[in-house]
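**Student:** One structure, as C-alpha cells, below. Some questions next.
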Amino acid sequence: MLGLAMTGVAGAAAAVAVGYQSMAPTGQWYGRTFVGLPPGSRQIALTFDDGPNNPHTLRLLGVLTKHDVRATFFLIGRYVQQHPEIVREMVRAGHVVGNHTYTHPLLTLKSEGEIRQELGKCRSALEDAVGEASNLFRPPFGGRRPAVLRVARELGLESVMWNVTGYDWNAPPAEVIERKVAKQIRGGDVILLHDGGHKQMGADRSQTVLATDHMITRYKAEGYEFVTVSEMMSKSSVSRQPSACS
C-alpha cells in the first residue's frame, strides 16, 4: 500500500511539474525559447502583447519616440486586420513586430492543425499590413507544449518568452507595475507588458503607458540600454560563438 501511495504522490508531482513547465515563462522542458541574456547585461528589451490597440498603442508609440527607444510588439492577427495603420506606424518608427496568433487561444489545448492555422493567419495579417512576415512568435498566456514549438519552428519562427513581467493585464496603477518590474530586474531582461487586451479592442492601457514612460527614464539613468528582442537575440547568438582562441 505504501508503494502505491508513493507512486501516486510521484505521479501527482510529475503532473504538476508538466503543467508548470507548459506555462512557466523561463521553462525549457518542451523546447528552447528565448528569455533574455545572462544576468548582468546592461540591455533591456521592452515587449508588449495583445495589440494593436486603439488608442493606447499610439500613445505608447509616442512615449517610445520621446525617449528614442525601440520595442517589440507581439500582435494579435485579428486586431492587425482591424488597425493595420497602427502596425505600419510601429514599423516606420523602427519597432519590431511579432506573431501572437490570430485569436489568442491557449495553444496547449489546440491540435497541431489549429496551431498552424493560428500562426499562419497572423502571419498573413502581418504580411498584408506591412509587406513582410515576422520571424518572432510568443504563445498566448505563455502556453506551450512540444507540438506548439515544433510547429513554430517549421514555420521559421523563433519562440520568445520573458523573464520579467509587470503583471499589468488587469490594469493596476502605474506605480504597482513599476514596483513589480523593479523587483525582478537583473539586466539582460525581456520585460512583458501589454498595450492591448485579448478579449476586445480598446482595453484601457493608460497605466501601462504611464509606467513605461517612468521606467524608461529610470533605467536609462541607471545605465541600461533599451533594445528590441531581435537585437538582444543577435547579441545572444554572438556570445554563443566559440572565440578565436578556443
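The values are calculated or read from the model by the stated rules, or taken from the named source; none is laboratory data. None of the values given here were measured: they were computed from a predicted structure. Neighbour counts are summed over all protein chains in view; Cβ atoms, including those assigned to glycine, are modelled from backbone coordinates with ideal geometry. Surface accessibility is based on the protein's heavy atoms, side chains included, excluding ligands, DNA and RNA. Shrake-Rupley method; radii C 1.70, N 1.55, O 1.52, S 1.80 Å.
**Student:** Which residues, taken from the range 156-171, are among the charged types (D, E, K, R) and in a strand (DSSP E or B)? Outline the logic, then answer.
**Tutor:** Within the range 156-171, the subset among the charged types (D, E, K, R) is 158, 168.
Scanning the range 156-171 gives a single hit, Glu158.
**Student:** Right, something else. Report the residue count in the range 172-190 for those that are open to solvent by less than 10 Å² (accessible area, probe 1.4 Å) and assigned to a helix (DSSP H, G or I). Walk me through it before giving the result.
**Tutor:** Filtering the range 172-190 down to residues open to solvent by less than 10 Å² (accessible area, probe 1.4 Å) leaves 174, 177, 181, 187-190.
Applying the additional criterion that residues be assigned to a helix (DSSP H, G or I) yields 174, 177, 181.
Matching residues across the range 172-190 total 3.
**Student:** Continuing with the same structure: Could you tell me which residue of the range 31-49 is farthest from Arg138 (Cα to Cα), considering only residues that are charged (D, E, K, R) and open to solvent by 10 Å² or more (accessible area, probe 1.4 Å)? Working first, answer last.
**Tutor:** So in the range 31-49, the residues charged (D, E, K, R) come out as 32, 42, 49.
Narrowing the set further to residues that are open to solvent by 10 Å² or more (accessible area, probe 1.4 Å) leaves 32, 42.
Values: Arg32: 13, Arg42: 23 Å.
The qualifying residue farthest from Arg138 (Cα to Cα) is Arg42.
**Student:** Are any residues in the range 111-145 open to solvent by 30 Å² or more (accessible area, probe 1.4 Å), hydrophobic (A, V, I, L, M, F, W, C) and in contact (Cβ under 8 Å) with a residue 60 or more places away in the chain, and if so, which ones?
**Tutor:** Phe141
**Student:** Looking at Arg150, Arg70, can you tell me which residue is open to solvent by 70 Å² or more (accessible area, probe 1.4 Å) and touching a His at 6+ places or on another chain (Cβ under 7 Å)?
**Tutor:** Working: Arg150 fails: touching a His at 6+ places or on another chain (Cβ under 7 Å).
That would be Arg70, the only listed residue that is open to solvent by 70 Å² or more (accessible area, probe 1.4 Å) and touching a His at 6+ places or on another chain (Cβ under 7 Å).
**Student:** Let me ask another. I'd like the full set of residues that are among the polar types (S, T, N, Q), buried (at least 18 other Cβ atoms within 10 Å of the Cβ) and in contact (Cβ under 8 Å) with a residue 40 or more places away in the chain, limited to the range 206-223. Full working, then the answer.
**Tutor:** From the range 206-223, those among the polar types (S, T, N, Q) are 206-208, 212, 217; that's our starting set.
Applying the additional criterion that residues be buried (at least 18 other Cβ atoms within 10 Å of the Cβ) yields 207-208, 212.
Hits for the range 206-223 are Thr208, Thr212.
**Student:** Taking the residues in the range 95-110 that are open to solvent by less than 40 Å² (accessible area, probe 1.4 Å) and part of a loop (DSSP other than H, G, I, E, B) as candidates, determine which candidate is nearest to Lys121 (Cα to Cα).
**Tutor:** Tyr102
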